[in-house]
1. Going Cα to Cα from residue 394, which lysines come in below 17 Å? Please leave out same-chain ones fewer than 8 positions away.
2. Provide the packing ranking of 691-701, 394-404, i.e. peptides ordered by the mean count of other C-beta atoms within 10 Å per residue, highest first.
3. Give me the compactness ratio for the stretch 6-148, meaning the Cα radius of gyration over 2.2 N^0.38 Å.
4. Packing-wise, with mean Cβ within 10 Å as the measure, how do 95-108, 69-82 rank, highest first?
5. Greater than 25 Å separation of Cα atoms is the criterion. Which listed pairs, 272/908; 575/823; 340/601; 272/476; 284/400; 516/934, meet it?
6. Sort 137, 779 so that the residue with the fewest other Cβ atoms within 10 Å of its own Cβ comes first and the one with the most comes last.
7. How would you rank 283, 611, 781, going from fewest to most other Cβ atoms within 10 Å of each one's own Cβ?
8. If I model a spin label as a point 7 Å beyond the Cα along the Cα-Cβ vector, how far apart are those points for residue 426 and residue 158 in nm?
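Values in this text are rule-based calculations from the coordinates and carry no lab data. The structure presented is a predicted model; accordingly, all values stated were derived computationally and were not measured. Because the Cβ atoms are built from the backbone with ideal geometry, glycine has one as well, and the counts that use them run over all protein chains shown.
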Amino acid sequence: MASYSYDEVRKDLYSQIHRRLERSEITDKRFARIGTAKEVLSSLNLEHFFYSLVPSGESLEGHFGLGFTADALISRTEERNLQNFLAILIYARCSVESARGFVTNLVTSSERDGLDQLPAGREQLEHVFGIENGPDINSFVDTQPCFCPVVLYKGEDVLVADGKSQRLPYLSDEECVGEGSFGMVYRVVIAPGHLANRHNSMTNTEPEPMARKDFRKIQHSPEEWETMKHILRAPRNSKNILETFGTLQLDKSTFSLFMPLAESDLGEWTKKNPPPKFDLEIWKAGILTCMSGVADGLEFLHSGIKDSSGHRMVCYHLDLKPANILVFSDDSEQGKMVWKISDFGISRVKLAHHQQPTDISTLFEERGTGTSVSGTVNQHPGGSYLAPESSTSKPDMTKKSDVWSLGCVISVIITYLSEGQTGIDKYKEDRLAKSGRDFFFAHSRIPGPLRRNPSVHKQHTSLIEAAKRRNEKEGKMLKGLLDYIEARVLQVDPGRRDSAGSIYERLQDTSSRYKKLAESYEDRERDTLDESSSTRLSRWKQKFLHRKRLDGPEMGSWLVSDAKDVAGCCIAADKFTMAYWTSTHIFLYNLQSFQSSQYVKNIAQYELKGWECKSVKLSATYLIASTIGHHSDLYLFDLIDGSLPGLDFSTSYRIVLPTGNTNGLHRIAISPGGQVLACVVDKDAESSYIYHANIVDLLGHRTQRRGSGATSSSIDEPKYIVNIAGEPWKCHTVKTQGTNVTHLSFASDTTLCYVAQPYITDKHNIEFSCISTLTNEAIHWLDIQNPNSSSLRFDSGNPSSLFTTFATIGNEQKFAIVLHERKFFVHDFNCDPELQTPEASFGNYCIVKLLTDKQHSRQFALGTKSGSHTILLMELPLPPLKHKQRPTDIMTLSDIRYGDRFTAEIFKDSTRTHEEVLGGGYVMISVYGAGQPKLYKVNLPSPNIP
């Protein structure tokens with residue numbers, strides 16, 4: 001066996017470990033995920049390590065004892081799970097003497113007496129390393145928290161006695177997303193392997209966003225703590241109750257609950273989601289179904305929870321309000337929501353189990369006071385949804401108090417169904433004006449009992465009248481529900497209030513009635529159409545309309561809600577991902593952005609500080625940006641390698657180009673598969689460079705920016721820098737200035753195309769060229785001649801605008817090219833130049849954008865007809881062209897005009913069957929510029945539609 005220096009082996013293993021640490025750039029937050037030590041300390045690395053411990057010329061058996069060969073030491077280390085201990089020793093840079101003590105006292109020793117336990121104490125380490133190795137012990141103690149990250153277990157309470165001895169397994173900084181009287185709520189992302197279930201040995205394999213609510217504990221009896229834990233661990237048979245994954249007690253003073261992360265709470269959701277303009281009845285039915293789920297969840301709290309012994313537990317929420325109802329996507333049905341009751345397990349819950357009710361809220365400090373809260377907490381003046389009995393001198397809160405709060409929430413939600421958030425705000429103002437406080441109950445003007453706030457009945461009457469004006473059936477339906485709410489829910493006397501279960505049944509019934517109302521609308525519209533068709537249309541017209549309804553193209557449109565006055569837009573070619581950019585921000589979108597029928601919302605945004613964005617290109621994996629200014633750097637974002645699941649901007653690179661030019665970047669491009677990037681910069685007054693490189697190879701030369709945090713905060717402060725002059729960069733020279741390279745795009749990951757116009761010759765010809773990204777050689781070259789000196793009689797006009805656009809057809813050898821917006825031809829580089837198809841002129845059609853369905857070799861275009869400025873989507877005929885063959889009109893896009901700024905891409909529709917689209921797919925078109933951008937989706941027709 002070759003001799004290895006201990007220092008060399010330790011340094012190599014240190015580097016391997018460091019590369020695998022999470023958040024390695026932040027000293028006090030870095031940690032090794034579960035399994036990291038075993039991954040690094042493979043059998044081969046362990047072998048190198050053990051051989052490095054013995055002096056040259058001495059055997060392992062001679063040093064550690066007979067029988068302790070390398071294989072035996074490796075086997076012992078793996079059997080005793082000592083990899084974590086050894087990883088700490090290596091990362092702490094312990095001396096060879098301490099490393100030998102590790103082998104002698106932990107690997108070869110027959111009795112370890114708990115010496116391998118982690119986190120390790122000083123006395124324990126003195127037995128392992130020897131008392132004389134104090135500096136190594138100090139370094140080990142300081143380092144071990146990195147290798148002792150917390151693992152959360154489902155349904156269990158994890159206790160960390162000393163928070164300094166273990167790290168929290170978060171992949172990014174915690175983000176505050178809410179706060180209450182007793183605790184703060186944070187969004188955290190748990191590393192893979194750190195959410196575990198002992199019952200089925202399952203762990204999370206992907207980063208998992210979670211909500212964490214923190215409380216400050218007050219010392220109480222163990223019995224009270226056990227009672228609380230019974231609630232948290234009780235089986236959840238209702239999907240409308242927020243599940244608690246597990247708990248964490250840190251330093252015996254902080255108590256944290258870990259729960260699924262919601263999209264938002266109900267109060268925020270109604271503010272961000274206005275009622276739709278269409279399909280209102282179906283939408284209202286869905287909202288009422290969600291509300292009935294809340295009632296069902298409340299009934300479960302009141303009567304469905306049992307402890308581990310099977311005894312019934314009665315839980316009173318006592319703070320039900322929109323802020324404590326969380327909105328989630330329903331996993332069981334795409335596009336649907338489920339509303340879940342939260343904040344029931346700790347702060348304001350009472351229970352009964354052969355004893356008087358106990359107020360669990362007294363276990364925790366109220367935020368900002370440092371004291372516990374008694375049962376009179378429900379008198380808090382900010383509790384708008386609290387029941388009338390909360391304001392009495394001796395509040396007697398029961399499950400009927402929750403029923404009152406539920407009725408208040410229902411009243412607000414029905415207001416939202418008809419009037420949106422504006423109606424909710426006005427309703428609140430009316431309640432405030434009637435009672436002096438925002439309550440659903442009020443005191444009489446003269447001494448006497450409490451009563452329902454008069455504004456409640458007034459609001460309900462207004463909602464009923466508005467519904468009757470829309471539809472008499474809806475008016476009756478809504479009157480029945482609201483009369484029930486007033487008669488059996490919002491009653492000052494708790495004894496006259498119905499159960500939450502009864503309210504659930506009433507809401508379910510009303511939801512069903514709304515669905516039937518929607519079906520009656522559809523039936524009436526269908527009957528009206530049939531009647532009209534039979535009396536006004538001939539048989540052939542009926543057939544034509546029926547066919548168009550079944551086979552004709554469909555179009556949807558959405559406003560882009562969070563980007564205005566954008567400078568540009570780019571859509572990835574490989575998978576729908578879209579970016580808008582302004583002078584200060586880049587906004588990112590994908591299919592998850594379509595959260596409503598009216599708007600798309602960004603899934604990530606990046607603030608530009610110190611630079612103004614010039615251009616952006618992207619694939620589904622990477623985004624590259626160039627900036628306005630005299631410099632030649634690119635900025636690259638790894639969209640799927642960040643600190644969050646999904647797409648985000650947290651992993652960023654500044655890529656320094658290998659040129660001293662200070663005239664800035666002209667064109668940038670990224671290949672369809674996201675493997676290669678390219679850009680154009682000036683070389684001198686008469687020529688320019690096209691640089692291109694494999695992205696993965698480039699990133700292999702990254703160095704971390706000094707002082708960078710976990711995420712980059714602005715484009716002038718990237719997380720990494722890539723600065724290399726040679727390989728993997730390849731450089732191609734073009735004989736014209738960079739500003740004259742008007743087109744730069746990839747036909748594939750291996751073929752880069754550019755257009756230089758005018759080409760620097762006396763004839764001002766245009767150069768269309770394709771470069772191999774593998775060899776850097778021009779594999780295709782086409783000299784498009786100026787019509788003044790060519791046999792091809794193109795309408796030249798301005799030579800700088802002669803070339804309009806191009807696209808590949810089927811493969812990277814065949815290109816469709818448009819000249820001067822009217823001349824169309826296809827050039828196949830595999831064919832003899834003499835056999836190329838002549839150009840075609842499509843009469844009164846003007847083409848401004850080509851779109852290729854490469855899978856089926858179909859060519860589409862966006863353009864106009866003479867005399868019209870409205871953009872038309874059309875399919876172009878491909879050679880061989882028949883006599884006077886013209887484009888096929890697909891759809892007039894009346895909202896898009898010639899001169900508007902737009903971009904478009906074709907995608908395969910994975911949600912539709914082959915029979916439905918016959919290869920048609922769909923086109924995504926983004927129109928942007930001044931004001932609010934708009935996005936269109938057009939389903940392409942089957943090939944047999946004329």
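1. Qualifying lysines at Cα under 17 Å: 350.
2. Per-residue mean Cβ counts within 10 Å order the peptides as 394-404, 691-701.
3. So the Cα radius of gyration is 0.98 times the expected 2.2 N^0.38 Å.
4. Most protected by this proxy first, the peptides run 95-108, 69-82.
5. 272/908; 575/823; 272/476; 284/400; 516/934
6. 779, 137
7. With the fewest neighbours first, 283, 611, 781 line up as 781, 283, 611.
8. Result for the modelled spin labels: 5.1 nm.
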